[in-house]
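A.B. asks: Here it is: the structure, laid out below.
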Amino acid sequence: MRGHHFLHGFLNPKSVALYGANNKGSSLAGLQIMNLIKSGYNGKVYPIHLKLESVMGFKAYRTIADVPEIPDLVIIVLPANLVPQIFRECGEKGVKRIVLISGGFRELSGSRKNTLTEDINAIAKEYGIRFIGPNCLGVFNNWYGPDEEKKSFNIYIWENLKRSKFSIASQSGTLSCHIWYDPENLDLGLSRSLSVGNEANIDIVDCLEYYKDDPYTEIIGLYIEELKRGKRFLELAREVSRKKPIIGIYVGGSKAGNRALQSHTGALAGDSRIFDALFKETGIIKTDYVQEFLDIALILSRGILPKGNRLGIITNSGGPGAMVANNAENHGLIVPELSKGLQEELKEILPITASFKNPIDCTFDMNLPYFYITLPEMLMKSGEVDAIIQYGVVGFQDVMDDYLSYKEIAKQAEFDHQPEDVIDSLAEKLVQPTIKNSKKYSVPILHISPMNFNTPWSKRLRENGAILFRLWDRPVNALAKICDYVEFKQKII
């Protein structure tokens with residue numbers, strides 16, 4: 001199915017022609033060619049420019065007719081009034097796929113209305129062209145060379161992203177592009193991204209149909225401003241969400257939101273209550289927040305779904321443990337009191353000042369192996385919790401090294417800087433066993449450290465597979481929505 005779906009050709013072109021590209025860094029089309037170079041794309045690139053002899057080292061052509069072959073894909077970044085003629089020239093050349101980046105079509109309002117969308121649709125129909133856009137950023141395929149990890153087909157994401165099986169379809173190009181600047185989001189990775197813009201020809205439903213059978217997509221993220229084919233979307237989303245979780249953001253419903261949508265894509269937004277019901281009916285995990293959208297995807301990307309909604313909490317500080325517990329119950333999670341037998345087992349290894357009923361509060365005890373490994377394993381093996389949140393995975397060596405940078409402290413300190421390889425080994429020994437146990441017992445564990453994501457210890461935790469958050473609200477909120485999805489799946493099986 002994947003290879004036969006028409007979107008496969010958009011994501012895997014062997015040749016690309018680009019209108020509007022030049023050598024200026026401020027040019028959007030120029031950035032697209034630079035992204036092709038940066039992503040290791042080894043297909044043929046044909047810039048089309050009336051005056052330039054070459055663009056970014058590629059031979060330029062005056063018209064599409066001059067290009068020595070029929071390009072698999074054409075990308076257009078030109079003023080809207082020029083686009084119908086370009087479409088016709090592409091049609092005469094035999095082009096079948098176009099990504100139309102340009103704005104100035106349906107999204108214009110008031111006295112600036114035009115018929116350009118109707119014009120290009122008529123030309124596309126005449127020549128059998130399928131096109132993405134207008135008013136979009138294009139496509140991204142991180143599996144362009146499945147056997148070459150650093151190769152992708154990328155015209156609009158500036159970061160070099162790691163591969164995952166999370167795919168996005170979005171009516172906002174910015175949502176599918178700018179979210180990757182923060183290093184906190186890079187752990188998630190990306191598989192495919194389709195920025196569909198105004199959906200004059202290809203829409204969210206087409207994307208969902210492609211992702212349904214795509215082996216490189218296991219989690220789907222949707223940004224929706226309107227649905228042109230509501231009935232088909234309902235049928236398809238209900239089918240897909242049984243096998244692949246779908247995370248959805250719907251923007252609309254408020255007066256200000258609807259007003260913004262009309263000027264953005266020309267969308268006629270619906271009542272948000274209709275979309276709430278639609279998402280609930282189909283099992284789509286609904287969120288109103290981009291960060292939560294990414295948090296949910298990150299947790300799901302590890303492939304471990306909780307079996308229920310019972311939460312175990314491990315902390316080295318009472319306040320965060322109490323807030324996690326309170327927030328969890330407010331969001332429908334259960335924080336069960338642990339059985340007497342398990343409490344007795346915990347008493348034997350915890351300090352006398354600890355609390356062991358759930359949350360388990362170790363009260364700043366420095367026995368790292370039992371904090372990172374033993375306690376989580378005891379909870380996982382017990383069968384009394386379905387997921388674990390652990391607060392306090394702080395990099396004490398990072399803190400100590402900062403103290404050692406002061407001469408007055410370094411002279412008196414009875415501790416030393418530890419070599420990098422020693423700390424690397426420590427992180428692996430503390431994190432890897434718990435990650436393996438998490439898979440073994442199907443109990444996801446989310447770690448929390450208030451330290452910056454770019455600190456050495458935070459990087460080590462993430463590199464060893466920890467799902468890491470900085471504070472405690474976000475993991476609880478995301479986990480609660482995942483548990484609702486699990487409950488949905490259990491009801492329909």
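A.B. asks: In the list G266, G303, which residue meets the criterion of being at pLDDT 90 or above and on the phi > 0 side of the Ramachandran plot? Please lay out each step first, then the result.
C.D. replies: Details: G266 fails: at pLDDT 90 or above.
Step by step, each of G266, G303 is checked, and only G303 is at pLDDT 90 or above and on the phi > 0 side of the Ramachandran plot.
A.B. asks: While we're here: Test of understanding: among G197, G189, G252, which residue is over 28 Å from E149 (Cα atoms), at pLDDT below 95 and surrounded by fewer than 21 Cβ atoms within 10 Å (Cβ to Cβ)? Working first, answer last.
C.D. replies: Details: G197 fails: surrounded by fewer than 21 Cβ atoms within 10 Å (Cβ to Cβ); G189 fails: over 28 Å from E149 (Cα atoms).
From the options G197, G189, G252, the qualifying one is G252.
A.B. asks: Quick one: which residue in K212, K150, K165 is surrounded by fewer than 19 Cβ atoms within 10 Å (Cβ to Cβ), of a type in the set (K, R) and over 17 Å from G248 (Cβ atoms)? Break it down into steps so the answer makes sense when it comes.
C.D. replies: Values: K212 fails: over 17 Å from G248 (Cβ atoms); K165 fails: surrounded by fewer than 19 Cβ atoms within 10 Å (Cβ to Cβ).
Within the list K212, K150, K165, the selection yields K150.
A.B. asks: Identify the single condition in (1) under 26 Å from the mean Cα position of the chain (by Cα); (2) surrounded by fewer than 17 Cβ atoms within 10 Å (Cβ to Cβ); (3) farther than 27 Å from L116 by Cα that H5 does not satisfy, given that it satisfies every other one.
C.D. replies: Evaluating H5 over (1) under 26 Å from the mean Cα position of the chain (by Cα); (2) surrounded by fewer than 17 Cβ atoms within 10 Å (Cβ to Cβ); (3) farther than 27 Å from L116 by Cα leaves (2) as the failure.
A.B. asks: Kindly indicate the residue of segment 11-23 that is part of a loop (DSSP other than H, G, I, E, B) and modelled with pLDDT of 95 or more and also farthest from R130 (Cα to Cα) among those meeting that condition.
C.D. replies: Initially, segment 11-23 is screened for residues part of a loop (DSSP other than H, G, I, E, B), giving 12-14, 20-23.
Okay, now just the ones that are also modelled with pLDDT of 95 or more, so 12-14.
Working: N12: 15, P13: 14, K14: 17 Å.
Top of the filtered list is K14.
A.B. asks: Further question: Find all pairs meeting these conditions: Cβ atoms under 9 angstrom apart; at least six residues apart or on different chains; first residue within segment 334-353 and within 29 Å of A480 (Cα to Cα); second residue of a type in the set (V, I, T) and not in a loop (DSSP other than H, G, I, E, B).
C.D. replies: Partner pairs satisfying both residue conditions: V335/I313; V335/V324; L338/I360; L346/I360; L350/I360.
A.B. asks: Right, something else. In segment 24-50, what residues are farther than 20 Å from C90 by Cβ and either assigned to a loop (DSSP other than H, G, I, E, B) or of a type in the set (D, E) (or both)? Break it down into steps so the answer makes sense when it comes.
C.D. replies: Of all residues in segment 24-50, those farther than 20 Å from C90 by Cβ come to 24-27, 30-31, 34-35, 37-42.
Hits for segment 24-50 are K24, G25, S26, S27, S39, G40, Y41, N42.
A.B. asks: Which of the strands (runs of 3 or more DSSP E) contained wholly in segment 120-197 include at least 3 residues that are over 24 Å from K93 (Cβ atoms)? Show your work before the answer.
C.D. replies: On the way: elements: 130-132, 138-141, 166-170, 192-195.
Those strands (runs of 3 or more DSSP E) span 166-170, 192-195.
A.B. asks: Do we have any residue at all in segment 230-239 that's in a loop (DSSP other than H, G, I, E, B), assigned by TED's automatic domain parsing to the domain that holds N154 and touching a Gly at 6+ places or on another chain (Cβ under 9 Å)? Quick ask: steps written out before the conclusion?
C.D. replies: So the first thing to find is which residues in segment 230-239 are in a loop (DSSP other than H, G, I, E, B), and the list is none.
The answer is no, given that none of the residues of segment 230-239 is in a loop (DSSP other than H, G, I, E, B), assigned by TED's automatic domain parsing to the domain that holds N154 and touching a Gly at 6+ places or on another chain (Cβ under 9 Å).
A.B. asks: Something else about it: Within segment 452-459, is there a residue that is within 13 Å of V393 (Cα to Cα), surrounded by 14 or more Cβ atoms within 10 Å (Cβ to Cβ) and touching a strand residue (DSSP E or B) at 6+ places or on another chain (Cβ under 6 Å)?
C.D. replies: Looking through segment 452-459, none of the residues is within 13 Å of V393 (Cα to Cα), surrounded by 14 or more Cβ atoms within 10 Å (Cβ to Cβ) and touching a strand residue (DSSP E or B) at 6+ places or on another chain (Cβ under 6 Å).
A.B. asks: If V74 satisfies every condition in (1) surrounded by fewer than 21 Cβ atoms within 10 Å (Cβ to Cβ); (2) modelled with pLDDT of 95 or more; (3) not acidic (D, E) but one, which is the exception?
C.D. replies: (1)
The values are calculated or read from the model by the stated rules, or taken from the named source; none is laboratory data. Computed from a predicted model, the values in this text were never measured in an experiment. For neighbour counting, all protein chains shown are included, and Cβ atoms are generated from backbone atoms with ideal geometry for every residue, glycine included.
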